[in-house]
Amino acid sequence: MRVIALDRFGGPEALAVRTLPVPAVGPDEVLVRVEVAGVGEWDPFEREGGYAQMLGLTPQFPYVLGSEGAGKVVAVGEQVRRFREGDPVYALGFLNPKGGFYAEYAAVNADLVSAIPGALTVDQAGVMGGVGITALRGLDDTLGLKQGESVMIFGASGGVGHMAVQLARRMGARVLAVASGDDGVALAERLGADAVVDGRKDDVLAAARAFAPGGLDAALLTAGGEAAERALHALRDGGRVAYPGGVQPEPQGRPALVRSGYNGEPDAEIIGRLNRLIERGPFDVHIARTFPLAQAAEAHLALGGHYLGKLALRVD
């Protein structure tokens, strides 16, 4: 099979087209013929060896990136009953020892494979697993967001953020979206945020105080820095702040706030929760640009620029 592989950790130039054997399918695994792979915001950190160093892992080269993707089932392990050949699915496989989704085939634990929810296309399903679960872990498991509460989504036009806007609305919250640029504001408005401000040029604090005069109940920060810190002044005392791992610098805020960092760990339960929320109505996974598999290096370079939602690799 064709893959994009690393022979060593490094910059985008280390990504190269290779031919490798199709991975063997274990008894509890599903083999997916990948059509679309998501390009994760975290992929460059993995490409540079950050996760291997942080987690004390011994990498096996050639090393295939890609923690999310979608396509069709071509084989199932002997213990798997939920899927059969030909099923359209999406799947997650962060740091999968059998290789990631920058490949024509991926063997994934069946618990991390799901039917495509709602009316999502294969392309949308292929890029939404990691950001969708990260958004839901933050809103539901970390913030404990309740119906009627006010929440600020900071970075609302990015991958995690644009999913969080829609999920928070489906959880019954009032959403103040802080987006980036005119195009980001337009996206957040289209996704149903109750109010939207441009974090680059608008007075976020004034907008937040107008939105929730008594102070916001919660905030999900998908980016850190000076603007994010200023925005936290809009939270009430006791307000909750969540931010996924990798947000730098880590948000601080005043002592009266409850801060929680978290990781977007996938499992069967939260995949089911995410699917049920998506299936409640029209849902938009925004793909800014799709690259051919062979242009994975260009996709990684594009991660450093301004774009909305997600980037994708077309594998087939």
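The values are calculated or read from the model by the stated rules, or taken from the named source; none is laboratory data. Predicted model only: the values in this text are computed from it and were never measured. Ideal geometry is used to build each Cβ from the backbone, glycine not excepted, and the neighbour counts take in all protein chains shown. These area figures cover heavy atoms from the full protein model, side chains too; ligands, DNA and RNA do not enter into them. Shrake-Rupley method; radii C 1.70, N 1.55, O 1.52, S 1.80 Å.
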Could you go through the stretch 35-54 and let me know if any residue there is farther than 30 Å from GLY305 by Cα and hydrophobic (A, V, I, L, M, F, W, C). no
Here is a check on your reading of the model: is ILE133 part of a helix (DSSP H, G or I), at negative phi, touching a Leu at 6+ places or on another chain (Cβ under 9 Å) and at pLDDT 95 or above? yes
Of the conditions (1) closer than 19 Å to ARG174 by Cα; (2) in contact with a helix residue (DSSP H, G or I) (Cβ under 7 Å, 6 or more places away or on another chain); (3) not in a helix (DSSP H, G or I), the single one that ALA218 does not satisfy is (2)
Would you point out the residue of the stretch 189-204, among those that are in contact with an Asp or Glu (Cβ under 8 Å, 6 or more places away or on another chain) and surrounded by fewer than 22 Cβ atoms within 10 Å (Cβ to Cβ), that is farthest from TYR243 (Cα to Cα)? ARG190
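Conditions tested, residue by residue: (1) touching a strand residue (DSSP E or B) at 6+ places or on another chain (Cβ under 7 Å); (2) of a type in the set (A, V, I, L, M, F, W, C).
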| position | (1), (2) |
| --- | --- |
| ALA234 | yes, yes |
| ARG240 | yes, no |
| ARG254 | no, no |
| ARG259 | yes, no |
| ALA268 | no, yes |
| LEU274 | no, yes |
Tally time: how many residues in the stretch 93-113 are open to solvent by 10 Å² or more (accessible area, probe 1.4 Å), more than 17 Å from PHE61 (Cα to Cα) and within 17 Å of the chain's Cα centre (by Cα)? 1
Output the qualifying pairs, or none if there are none: Cβ atoms under 8 angstrom, residues six or more apart or on different chains, first residue in the stretch 12-35 and without any contact (Cβ under 8 Å) to a residue 60 or more places away in the chain and assigned to a strand (DSSP E or B), second residue open to solvent by 60 Å² or more (accessible area, probe 1.4 Å) and of a type in the set (Asp, Glu). ALA16/ASP7
Report, by residue number, each residue of the stretch 33-60 that is closer than 27 Å to VAL73 by Cβ and surrounded by 16 or more Cβ atoms within 10 Å (Cβ to Cβ). ARG33, VAL34, GLU35, VAL36, ALA37, GLY38, VAL39, GLY40, TRP42, ASP43, GLU46
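Residues checked against (1) of a type in the set (Val, Ile, Thr); (2) under 15 Å from the mean Cα position of the chain (by Cα); (3) surrounded by 14 or more Cβ atoms within 10 Å (Cβ to Cβ):
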| residue | (1), (2), (3) |
| --- | --- |
| ARG259 | no, no, yes |
| GLU265 | no, yes, no |
| ILE271 | yes, yes, yes |
| ARG276 | no, no, no |
| GLU279 | no, no, no |
| PHE291 | no, no, yes |
| GLN295 | no, no, yes |
| HIS300 | no, no, yes |
| LEU303 | no, yes, yes |
Between ALA207, ALA186, which is without any contact (Cβ under 8 Å) to a residue 40 or more places away in the chain, surrounded by fewer than 16 Cβ atoms within 10 Å (Cβ to Cβ) and not in a loop (DSSP other than H, G, I, E, B)? ALA186
For the stretch 1-40 the number of residues that are out of contact with any Ser or Thr (no Cβ under 9 Å at 6 or more places or on another chain) and within 14 Å of GLU298 (Cα to Cα) is 9
Within the stretch 69-85, does at least one residue satisfy the condition of being in contact with a Phe, Trp or Tyr (Cβ under 9 Å, 6 or more places away or on another chain), farther than 22 Å from LEU20 by Cα, in contact (Cβ under 8 Å) with a residue 40 or more places away in the chain and surrounded by 19 or more Cβ atoms within 10 Å (Cβ to Cβ)? no
Can you tell me which residues in the stretch 210-244 are of a type in the set (Ser, Thr, Tyr) and either open to solvent by 30 Å² or more (accessible area, probe 1.4 Å) or farther than 25 Å from LEU136 by Cβ (or both)? THR222
Only one of (1) under 16 Å from the mean Cα position of the chain (by Cα); (2) surrounded by fewer than 24 Cβ atoms within 10 Å (Cβ to Cβ); (3) more than 23 Å from ALA288 (Cα to Cα) fails for GLN147. Which number is that? (1)
Residue that is farthest from GLU189 (Cα to Cα) [pool: residues in the stretch 138-165 that are aliphatic (A, V, I, L, M) and part of a helix (DSSP H, G or I)]: LEU139
Candidate set: the stretch 156-182, residues that are open to solvent by 20 Å² or more (accessible area, probe 1.4 Å) and touching a residue at least 24 places away in the same chain (Cβ under 8 Å); chosen: the one nearest to the chain's Cα centre (by Cα): GLY158
